[in-house]
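Structure, as structure tokens:
What follows is calculated from the coordinates using simple rules that are stated; it is not laboratory data. These figures come from a predicted structure and were not determined experimentally. Note that we place each Cβ from the backbone using ideal geometry, even for glycine, and neighbour counts take in every protein chain shown.
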Amino acid sequence: MQHLTVITTGGTIDKVYFDAKSDYQIGAPQIGEILAQLGVAFEFEVIPVLRKDSLEMNESDRKAIRAAVEQQAHRHVLITHGTDTMVETARALAGIPGKTIVLTGALNPARFQGSDAVFNIGCAVGAVQSLGEGVWIAMNGRIWDPERVRKNRAANRFEQVG
């Protein structure tokens, strides 16, 4: 992989909290800063498409994400996304030819100490380089097939189904 296209959609990874009552906004995409700080050995570009909590996403938003992926000249696409509806979006991206697409996110904002964001991004970068054409989810240190995974909200982690 010489070039990585990063599409950002919002989600917890980019949340900025303002007070103890959990009032937040989706802030600027964090992944570009994270990749730059890590000194990655590839070129990347960050394309913000949405700034939404994934629970607020709808079919129109998923079509916009799909269109953004389809417009990219490069094969490798990493998408940052909220975890609550990441599986639905991954399924909506199925069948895009010539692309390796990996979705990732975080259970805690990237700005928080101890966030899983950097770990998940690193896992996703490795996955997008290693996997074949298709759509994948990189969360909790594993690579998931969107057709065989769900988010267990009670346990706050992804798990295999089927």
* List, in order, the whole-Hz ³J(HN,Hα) value for each residue of the stretch 137-146 obtained from phi through the Karplus relation with A = 6.51, B = -1.76, C = 1.60 and θ = phi - 60°; use x for Gly and Pro. => 10, 10, 8, 6, x, 10, 10, 10, 7, x
* Asked: Which residue, chosen from Gly162, Ala94, Val49, occupies the Cα position most advanced towards the positive end of the dipole of the chain, where the dipole is computed from +1 (Lys, Arg) and -1 (Asp, Glu) charges on Cβ about the Cα centre?
  -> Gly162
* Name the residues whose placed amide hydrogens come within less than 5 Å of the amide hydrogen of Ala110, ignoring near sequence neighbours (fewer than 5 apart) on the same chain. => Asp14, Lys15
* Determine, from the Cβ-Cβ distance of Phe42 and Ala73 and an R0 of 22 Å, the FRET efficiency 1/(1 + (r/R0)^6), rounded to the nearest 0.05. => 0.90
* Structure fact -> A correct Karplus calculation of ³J(HN,Hα) over the stretch 152-157, with 6.51 cos²θ - 1.76 cosθ + 1.60, θ = phi - 60°, whole Hz and x for Gly and Pro, returns 8, 5, 5, 8, 6, 7
* Structure fact -> Longest the chain segment clear of chymotrypsin sites (Phe, Trp or Tyr not before Pro) sitting in DSSP loops (not H, G, I, E or B) with at most 14 other Cβ atoms within 10 Å runs 43-111
* Structure fact -> For Phe158, the residues 5 or more places away or on another chain with a placed amide H closer than 5 Å to its own amide H are Asn152
* For the chain, what class follows from the C-alpha gyration tensor (a ≥ b ≥ c being the square roots of its eigenvalues): rounded when a/c is under 1.5, otherwise prolate if a/b is larger than b/c, else oblate? -> rounded
* Structure fact -> With -39,500 (n - 2.57) per DSSP H segment of 4 or more residues and division by the full residue count of the chain, the 222 nm estimate, nearest 500 deg cm²/dmol, is -7500 deg cm²/dmol
